[in-house]
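Data first, discussion second: the structure below is written as structure tokens.
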Amino acid sequence: EALAAGAARYRAVTQTAADAIVTADSSGIVVGWNASAEQLFGYAETEIIGQPLTLLIPERFQQRHLDGVKRVQSGGERRVIGKTIELVGRRKDASEFPLDLSLAEWTVGGRQFFTGNIRDITERKQAERELVESEEKFRGLVEQAITGIYIIQDGKLIYVNPRCAEILGQ
């Protein structure tokens, strides 16, 4: 009863999580899939369970993933487990998207599993690009201004544009 209750709680938590939760066994076969993973990747649970995790990885990164799996299987260094890293995922329609992956490793009944919490970071990456573009535009305006511009922070001169330097004879 306790085991069944624990399994039911686990399923309830994973199925209602906002992040995609994907579990693979030690050979890289998908054994767990939540509703958010279905929305994010486009595969129904019945389509993906039993399939290789590489279906979710763009082809150009698959070998690196497989090399990492082999390294971990042979007792080597675990480079991404316990960390959050940025990667690129591949949907069922082959479109790609940026993601954050937090990977955990666990063992049950002598079998090793890996669970990834996956978050689509498309909007964050777009906001970062827009911020960089905005900063570049602002810098271009300031650098090309015909008026001298300077910035003082904490009583110290930290920036002068080329026109200001020219005016000050610098």
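With V31, V13 as the choices, which residue is over 29 Å from E123 (Cβ atoms) and out of contact with any helix residue (DSSP H, G or I) (no Cβ under 7 Å at 6 or more places or on another chain)? After applying the criteria, what remains is V31. For first residues located in region 146-161 and free of Cβ contacts under 8 Å to residues at least 60 places away in the same chain, partners that are of a type in the set (A, V, I, L, M) and in a loop (DSSP other than H, G, I, E, B) and lie 6+ apart or on another chain with Cβ distances below 9 Å form the pairs G148/L168; Y150/L168; Y159/I149; V160/I149; V160/L168; N161/A145; N161/I149.
Pick from L87, L131: which is of a type in the set (A, V, I, L, M) and either assigned to a helix (DSSP H, G or I) or touching a Cys at 6+ places or on another chain (Cβ under 6 Å) (or both)? Write out each step before concluding.
Details: L87 fails: either assigned to a helix (DSSP H, G or I) or touching a Cys at 6+ places or on another chain (Cβ under 6 Å) (or both).
Every option except L131 fails the conditions.
Being in a loop (DSSP other than H, G, I, E, B), open to solvent by less than 90 Å² (accessible area, probe 1.4 Å) and of a type in the set (A, V, I, L, M) is the filter here, so list the residues in region 134-162 that pass it. Result: A145, I149. Q62 fulfils the conditions (1) among the polar types (S, T, N, Q); (2) modelled with pLDDT of 90 or more; (3) in contact with a strand residue (DSSP E or B) (Cβ under 8 Å, 6 or more places away or on another chain) except for a single criterion, (3).
Figure legend. Inter-residue proximity from region 102-130: first residues touching a residue at least 24 places away in the same chain (Cβ under 8 Å), second residues among the aromatic types (F, W, Y) and open to solvent by 80 Å² or more (accessible area, probe 1.4 Å), beta-carbon distance below 6 Å, spacing 6+ or different chains. Indicated pairs: F113/W106. Exactly one residue among K92, K125 is in a loop (DSSP other than H, G, I, E, B) and modelled with pLDDT of 95 or more, and that residue is K92.
Based on what the data block shows, is Q62 in contact with a helix residue (DSSP H, G or I) (Cβ under 9 Å, 6 or more places away or on another chain), surrounded by fewer than 18 Cβ atoms within 10 Å (Cβ to Cβ) and part of a helix (DSSP H, G or I)? Answer is yes for this residue.
Does at least one position in region 97-104 carry a residue that is touching a helix residue (DSSP H, G or I) at 6+ places or on another chain (Cβ under 6 Å) and either assigned to a helix (DSSP H, G or I) or within 30 Å of A35 (Cα to Cα) (or both)? Show your work before the answer.
Here is the first cut: in region 97-104, the ones touching a helix residue (DSSP H, G or I) at 6+ places or on another chain (Cβ under 6 Å) are 97-98.
After this cut, where a residue has to be either assigned to a helix (DSSP H, G or I) or within 30 Å of A35 (Cα to Cα) (or both) as well, the list is 97-98.
Taking every residue of region 97-104 in turn, at least one turns out to be touching a helix residue (DSSP H, G or I) at 6+ places or on another chain (Cβ under 6 Å) and either assigned to a helix (DSSP H, G or I) or within 30 Å of A35 (Cα to Cα) (or both).
Can you tell me which condition V30 does not meet? The list is (1) part of a strand (DSSP E or B); (2) open to solvent by 40 Å² or more (accessible area, probe 1.4 Å), and all the others hold. Exception for V30: condition (2).
Would you confirm, using the coordinates I've provided, whether R91 is in contact (Cβ under 8 Å) with a residue 24 or more places away in the chain, basic (K, R) and either open to solvent by 40 Å² or more (accessible area, probe 1.4 Å) or at positive phi (or both)? Yes.
The values are calculated or read from the model by the stated rules, or taken from the named source; none is laboratory data. Here the structure is a predicted model, which means the values were calculated and not measured. Cβ sites come from the backbone with ideal geometry, for glycine too, and all protein chains shown count toward neighbours. We work out accessible area using only protein heavy atoms, side chains counted, and drop any ligands, DNA or RNA first. Shrake-Rupley method; radii C 1.70, N 1.55, O 1.52, S 1.80 Å.
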